[in-house]
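Structure first, commentary second.
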Amino acid sequence: MTDTSPTASEQMLSAAREDLIDQEPPRRSLAARLSSKAVAPWIFITPMLLFGAVFFILPLLYAFFISLTRWNSLSAPKWVGFKHYEYLLTTDPVFWQTFWNTMYFAAASIGIGVPLAMVLAYAFTRSKGRTVWRSIYWLPMITNVVAVAYIWKFVLDDRYGLLNRALGFLGLGAPGWLTDPNLALTSVVLIFVWMQLGHNMLLFSAGLASIDESYYEAARLDGANERQCFFRITVPLLMPTTLFVLITNFISGLSYFTLMLVLTDGNGGPLRSTTVTALYMYKMAFEDLRMGRASAVAYLLFAVILVITLI
Amino acid sequence: MKPVRITRVSVVSALTAATALVAPSVAAAETTITVATHYNQEQMGPLLACFDQYTAENPDIKIEFQQAAYGDFLQTILTSRVGGTSPDIYNIYSVWAPQLADAGTLDEPSDEMKDWIRANYGEGSVGAATINGTLWGIPTELSVYQLFYNKKMLAEAGYDAPPATWAELKEIAAAITTKNDQGVIERAGYVYGPSVANAVHVYYSQMYAAGVPPYSEDFRSTNFTTPESIEIVRRMGELFAEGITSNTNITDDFAGGSAAMMIAANWNKAELQSVYGDEFEATVGIAPIPNDGGDPGTMLYSFLWAVDSTSDAKEESWALLKWLNEAQGDASLSCTGEMLNDLGALSGNLADLASMDTDDSFTKPFVAAIESGAAKSQPNIWAASENDRTLRGYIEQVWAGNMTAEEAMAAADAEVTAVLSEQD
């Protein structure tokens, strides 16, 4: 008869196995876990997330809360719900005027500025001394906006301005570039286009540099002229740059007001013709102390920009 | 015994060290008063010298000066309040006071201080520092509106006296106005300007000249739709419609020699003196606001010294302000009065005003308006900045010919009354 009972050594081995099975896997140290690939990226982006939360998300949420209150920044906010939004959209006679002024300003500045910048960038890419030209067109961008405004005030002055003097020399009338309510905003658009031209040209130049010259060579071999090269090759291949320039210009146009503030001595006149929504909001907040209503204006403007950007 | 000796030495050393430490901390217990104004370092010269004198006489007081540009002053107050670093003393424009007082920003002076202010300041300037019957500070610089006219231009056009009525003003202005080849007014008979005050303060001055205050007594409704008001605004529009003035022609043109008349405040004196030099008195004339008979009237506005309600040194601040606004020793002017005198400005303090050199032909009519009570204080209405801007907007509609005076003032009345009804 064979003895089937386990030997003592087998029993010990079995007991040791059971102990091992019952035992939990060893815990990894905190340092080991922090250095794992899954956690490391979060550690790197945490400062940015914290920065974003403190300086973007919290102010956004706070501004929304403020937009639902009446607050003059000196005493406690009073809850008014959506009354500011209701007032702005249904009662305020100025809000809609400033809104359409803003739309006109943003649309006209890209309508004139973007094609002009594209054409000039294309022309200068093929010209001698392109760096010099680019630097000259870039100068308004690095000039202080107050200086820009004062220079243009002298140029556009009804009586003594260079432009009207030149028109007078040609026997023409003297438009009130900054004093006629029908002309003032267009004048501001033209100055803004002049200011932004160098910046947009630089972006288009970068886009043009990325277009392979072989496309043009092939087109010319097939008999294409300069106009056809521009419209059939340059414009389509520049589309990503154009889209970027259009969106960034439109967004900055929607929230821009510095030039109007300086050109019109802070009044946005004549007859509020140069009062854009951002200027209206600025005066509402810091002159009228209507922080709640100004926050509501900011949110309405934000909504418009968001929708346009998504489209 | 050695251990005991060491302990005594230690105690003596510790006491000596403690005494040395306590001495600077006692010195550091002095009260610091921060004074914020829109005047710059140079303009503040006389007051800064007075600060030094005051701190020398009161070693426990330290005074710090903060300057903020006029356009940024209100924002500076707001920001400092939010940040908990408010100055103790402000020099504020009177129309800011209603909202600052309503928000509890200002400290109410004691009854004794109020009595002192009422006894030493003119009625108009006390009114400018009063909101709903409560006096909130000490009036300082006064600005009074009158008609400015270029004596030489009027003489050239055949007029040897300023206009007394609006009809005369229009006639003289039309005779002086000239246009260039392009049809632009080169020399304007009368000018307004681009700022809110250039239209609204002029309108208020004309309303007081017509004997009608622009707002009701409780500042909860307007008198914009009264016949006098409509007539004033209609006449403004007439000057634009008839090509006597335009948006191109502004108050700066008066100093530039291309405008004959404007309604403006006395603080323009320094600039006009520097422009015209020796010819100043022979060129610039001042006359009451033209009206259609009755007593003369106009508007004044004031700045005032006020104390922040959260200040840790309210009592010390009021004491300093009283000292700064009383002539010290043999001086004929108070410290504030001396600063305003150097600026060519007028003081609301009657003793200062009497001691100032106000006998020149420019200043006399302004002082006369203050002393006679003809100059009424700008109404300290609720949300003055917003309401004034609204009013300017509708006045401009009349200038542009887009609205009749009746339509514009009815619309302005509706909007402004709605804002006025927001106050508690």
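Here A:V146 clears all of (1) over 22 Å from the mean Cα position of the chain (by Cα); (2) of a type in the set (A, V, I, L, M); (3) within 14 Å of another protein chain (Cβ to nearest Cβ); (4) assigned to a helix (DSSP H, G or I) except the condition numbered (1). Among the residues of region B:174-198, those identified as over 22 Å from B:S361 (Cβ atoms), of a type in the set (A, V, I, L, M, F, W, C) and touching a strand residue (DSSP E or B) at 6+ places or on another chain (Cβ under 6 Å) are B:I185, B:A188. Evaluating B:K376 against the criteria (1) under 22 Å from B:N198 (Cβ atoms); (2) under 24 Å from the mean Cα position of the chain (by Cα); (3) open to solvent by less than 30 Å² (accessible area, probe 1.4 Å) leaves one unmet condition, (3).
A quick yes/no check of all residues on (1) facing chain A (nearest Cβ under 10 Å); (2) part of a helix (DSSP H, G or I):
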{"position": "B:I370", "(1), (2)": "no, yes"}
{"position": "B:S385", "(1), (2)": "yes, yes"}
{"position": "B:I395", "(1), (2)": "no, yes"}
{"position": "B:M403", "(1), (2)": "no, no"}
{"position": "B:A412", "(1), (2)": "no, yes"}
{"position": "B:T417", "(1), (2)": "no, yes"}
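Within region A:261-276, the residues that satisfy the criterion of being open to solvent by less than 30 Å² (accessible area, probe 1.4 Å), within 18 Å of A:T186 (Cβ to Cβ) and either of a type outside the set (A, V, I, L, M) or more than 10 Å from chain B (Cβ to nearest Cβ) (or both) are A:V262, A:L263, A:T264, A:G268, A:G269, A:P270, A:S273, A:T274, A:T275, A:V276.
One line per residue, one yes/no per condition, for (1) touching a helix residue (DSSP H, G or I) at 6+ places or on another chain (Cβ under 7 Å); (2) under 25 Å from A:A107 (Cα atoms); (3) open to solvent by less than 30 Å² (accessible area, probe 1.4 Å):
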residue: A:V155; (1), (2), (3): yes, yes, no
residue: A:D158; (1), (2), (3): yes, no, yes
residue: A:L162; (1), (2), (3): yes, no, no
residue: A:G171; (1), (2), (3): no, no, no
residue: A:G176; (1), (2), (3): no, yes, yes
residue: A:I191; (1), (2), (3): yes, yes, yes
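Scan region B:284-297 residue by residue and report those that are at pLDDT 95 or above and either surrounded by fewer than 16 Cβ atoms within 10 Å (Cβ to Cβ) or in contact with a strand residue (DSSP E or B) (Cβ under 6 Å, 6 or more places away or on another chain) (or both). Answer for region B:284-297, where residues must be at pLDDT 95 or above and either surrounded by fewer than 16 Cβ atoms within 10 Å (Cβ to Cβ) or in contact with a strand residue (DSSP E or B) (Cβ under 6 Å, 6 or more places away or on another chain) (or both): B:G285, B:I286, B:A287, B:I289.
B:A119 meets the conditions (1) in contact with a Gly (Cβ under 7 Å, 6 or more places away or on another chain); (2) of a type in the set (G, A, S); (3) free of Cβ contacts under 8 Å to residues at least 40 places away in the same chain in every case but one. The failed one is (1). In the set (1) open to solvent by 20 Å² or more (accessible area, probe 1.4 Å); (2) within 14 Å of chain A (Cβ to nearest Cβ); (3) touching a helix residue (DSSP H, G or I) at 6+ places or on another chain (Cβ under 7 Å); (4) touching a residue at least 60 places away in the same chain (Cβ under 8 Å), the condition left unmet by B:T177 is number (3).
For region B:100-123, does any single residue satisfy the condition of being open to solvent by 20 Å² or more (accessible area, probe 1.4 Å), under 18 Å from the mean Cα position of the chain (by Cα) and farther than 30 Å from A:S75 by Cβ? Scanning region B:100-123, I find at least one residue that is open to solvent by 20 Å² or more (accessible area, probe 1.4 Å), under 18 Å from the mean Cα position of the chain (by Cα) and farther than 30 Å from A:S75 by Cβ, so the answer is yes.
Looking across region A:84-133, the residues that are touching a Leu at 6+ places or on another chain (Cβ under 9 Å) and more than 30 Å from A:G269 (Cα to Cα) come down to A:M118, A:L120, A:A121, A:Y122, A:T125, A:W133. B:A197 fulfils the conditions (1) part of a loop (DSSP other than H, G, I, E, B); (2) of a type outside the set (D, E); (3) within 14 Å of chain A (Cβ to nearest Cβ) except for a single criterion, (1). Being open to solvent by less than 80 Å² (accessible area, probe 1.4 Å) and among the basic types (K, R) is a condition met by no residue of region A:106-129.
Apart from one condition, B:L300 fits all of (1) more than 30 Å from A:G161 (Cα to Cα); (2) hydrophobic (A, V, I, L, M, F, W, C); (3) assigned to a helix (DSSP H, G or I); the exception is (3).
State yes or no: is A:V94 at pLDDT below 95, in a helix (DSSP H, G or I) and closer than 23 Å to B:V416 by Cβ? Outline the logic, then answer.
On the way: at pLDDT below 95: yes; in a helix (DSSP H, G or I): yes; closer than 23 Å to B:V416 by Cβ: yes.
Against the criterion (at pLDDT below 95, in a helix (DSSP H, G or I) and closer than 23 Å to B:V416 by Cβ), A:V94 qualifies.
The condition of being at pLDDT below 90, out of contact with any helix residue (DSSP H, G or I) (no Cβ under 9 Å at 6 or more places or on another chain) and open to solvent by 20 Å² or more (accessible area, probe 1.4 Å) holds for only one of B:T85, B:T76, that being B:T76. Looking at B:A241, B:A209, B:A265 in this structure, which one is among the hydrophobic types (A, V, I, L, M, F, W, C), out of contact with any helix residue (DSSP H, G or I) (no Cβ under 8 Å at 6 or more places or on another chain) and within 17 Å of B:A197 (Cβ to Cβ)? After applying the criteria, what remains is B:A209. I'd like to check something: does region B:162-174 contain any residue that is under 29 Å from B:E279 (Cβ atoms), open to solvent by 10 Å² or more (accessible area, probe 1.4 Å) and within 14 Å of chain A (Cβ to nearest Cβ)? So far as region B:162-174 goes, no, none of its residues is under 29 Å from B:E279 (Cβ atoms), open to solvent by 10 Å² or more (accessible area, probe 1.4 Å) and within 14 Å of chain A (Cβ to nearest Cβ).
Sort out which residues of region B:180-194 are polar (S, T, N, Q) and open to solvent by 40 Å² or more (accessible area, probe 1.4 Å), and write them in order of number. Quick ask: steps written out before the conclusion?
Of region B:180-194, the ones polar (S, T, N, Q) are B:180, B:182.
The one that is polar (S, T, N, Q) and open to solvent by 40 Å² or more (accessible area, probe 1.4 Å): B:Q182.
The values are calculated or read from the model by the stated rules, or taken from the named source; none is laboratory data. Values in this document were obtained by computation on a predicted structure and should not be read as measured data. Backbone-built Cβ (ideal geometry, glycine too); neighbour counts: all protein chains shown. To get the accessible areas, we keep the full protein, side chains included, count just its heavy atoms, and leave off ligands, DNA and RNA. Shrake-Rupley method; radii C 1.70, N 1.55, O 1.52, S 1.80 Å.
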